[in-house]
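See structure below.
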Amino acid sequence: MIRAGLLAASLLLGTAASAAPDLSAVALQAADDLQAASRSLEAADGARNRVKALTGTVEAYENGLAALRAGMRLAARRERALQASLAARDEEISQLLAALTAMGRSPAPLLLLHPSGPIGTARSGMILSDVTPDVQAEVEALRRDLEEIDALRALQTRAGGALASGLQGAQEARTALSQAMSDRKDLPRRFTADPERMRQLLETADSLDGFAAGLMVIEPGIADDTGFETLRGSLPLPVQGVVLRGYRQADAAGVARPGLLIATRPGALVTAPSEGTIRYVGPLLDYGNVMILEPADDVLLVLAGVGTVYGDAGEVVQAGAALGLMGGRAPEGSEFLSEPEESGGAERSETLYIELREGETPVDPTNWFAATQEK
């Protein structure tokens, strides 16, 4: 059902957006990703393999739904443009139809006669011969527009069924992933957190700076040499989204934080940009749920604002591993398709804060993530 819907999306793109054929390829690739994820899920043996398969499945759903949404939005915009064009030409079309109707009702011989005699008849024939191709062209253009509107509506109906199925499947995959994460056992660890020292740190820390410094004191330098420095400029963002505020860019209240704020969708999957050790996971100050990774010695990656977090302090995670899910209510069909300007930003209503710290100093994360590099 999902693949059929993505194929419908590619047809939408081919019909309504010849200027953007690359989106058609994205839709087909997303369909292939879903198929591969489904096969790996079925073949998964054991909790750890199941976690990996489910992580891939959630990512594939997100990619596939994004491609499907792009196609359906593009088709809807094209339909609105055609409808507006027809509305603007309403008087012209009415006159054309009236002329065609009158011509159709007149006996053929009368169309060739003129009251002024043979010369007038000849002149009228010459005029008709000049006008007829233009009239025919107008009729053909009108026919093509009406047929395209019908095709767009039919394709949107077909893709709508795939959208509903995809949204349900994505939610089921997220639920299964959460369960699989809780079922994991015997995970690799670099250290075991001291609950009492962590409790004291949480009670005394009054800022992210203070908390991060305290973490490094509790268990300093525990990461292996993972070659993290070589990944500068190539890290994937931990969540699908767009940069809402940059490094030290002030918000509406004038607060400028030394990190990136990513706008993302409710329920979006949060993954590890690189291998690292979980230094802390849980609520922190006013940041909501926080995941702090140590990808290299004396380097901390802070992810704040996660709805559901996975893992425990001391665990080692691989690049691309699931770290949690964003909060918020998952959108339904009409909400999922709504344009950003129409939905008041509800499309990406969740935010993830990213901070990268080297030693005791926050640094600009923009230099590390591929999606934030200047093209």
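Here are some notes:
- Take the range 175-279 with all the other protein chains still there, run a 1.4 Å probe, and you get 51 Å² of accessible area per residue.
- Thr175-Ala141 FRET efficiency (beta carbon distance; Förster radius 51 Å; 0.05 resolution): 0.50
- Fully extended contour minus Cα-Cα distance, from Leu285 to Arg329, at 0.36 nm per residue: 13.5 nm
The values are calculated or read from the model by the stated rules, or taken from the named source; none is laboratory data. Quick caveat: nothing in here was measured; it's all calculated off a predicted structure. Because the Cβ atoms are built from the backbone with ideal geometry, glycine has one as well, and the counts that use them run over all protein chains shown. Accessible surface is based on the protein model in full, side chains and every heavy atom, while ligands, DNA and RNA are left aside. Shrake-Rupley method; radii C 1.70, N 1.55, O 1.52, S 1.80 Å.
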